[in-house]
Amino acid sequence: MLGKKPGGRKSGTPKRLTADMKSRAGEHTASAVAMLVRLMEHAKSEQARLGVARDLLDRAMDRPQSMPK
């Protein structure tokens with residue numbers, strides 16, 4: 001059984017820490033989006049406004065964070 005470890009989580013089961021962090025992050029989603037919108041509308045730097053707008057659109061359109069190779 002080269003390469004296989006006995007025991008452990010089943011494939012696809014998230015780590016307990018990962019599930020906890022996702023849950024905690026979900027509690028702040030609305031305020032985080034509101035902050036991004038404020039930055040997009042009021043940041044002095046055009047580069048900052050453009051970056052925030054791009055990030056919001058990427059997330060709204062479910063664009064992947066990184067392209068698979």
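Numerical summary
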{"read-out": "Cross-chain or 6+ apart pairs with Cβ under 8 Å, the stretch 32-56 first and within 28 Å of K22 (Cα to Cα), then among the acidic types (D, E)", "value": "L36/D55; R49/E41"}
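To keep it simple, each residue is scored yes or no on (1) in a helix (DSSP H, G or I); (2) surrounded by 10 or more Cβ atoms within 10 Å (Cβ to Cβ); (3) at pLDDT 95 or above; (4) within 12 Å of the chain's Cα centre (by Cα).
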| site | (1), (2), (3), (4) |
| --- | --- |
| A19 | yes, yes, no, no |
| K22 | yes, yes, no, yes |
| D58 | yes, yes, no, yes |
| D62 | no, no, no, yes |
| P68 | no, no, no, no |
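The values are calculated or read from the model by the stated rules, or taken from the named source; none is laboratory data. Everything quoted here is computed from the prediction, not taken from an experiment. Because the Cβ atoms are built from the backbone with ideal geometry, glycine has one as well, and the counts that use them run over all protein chains shown.
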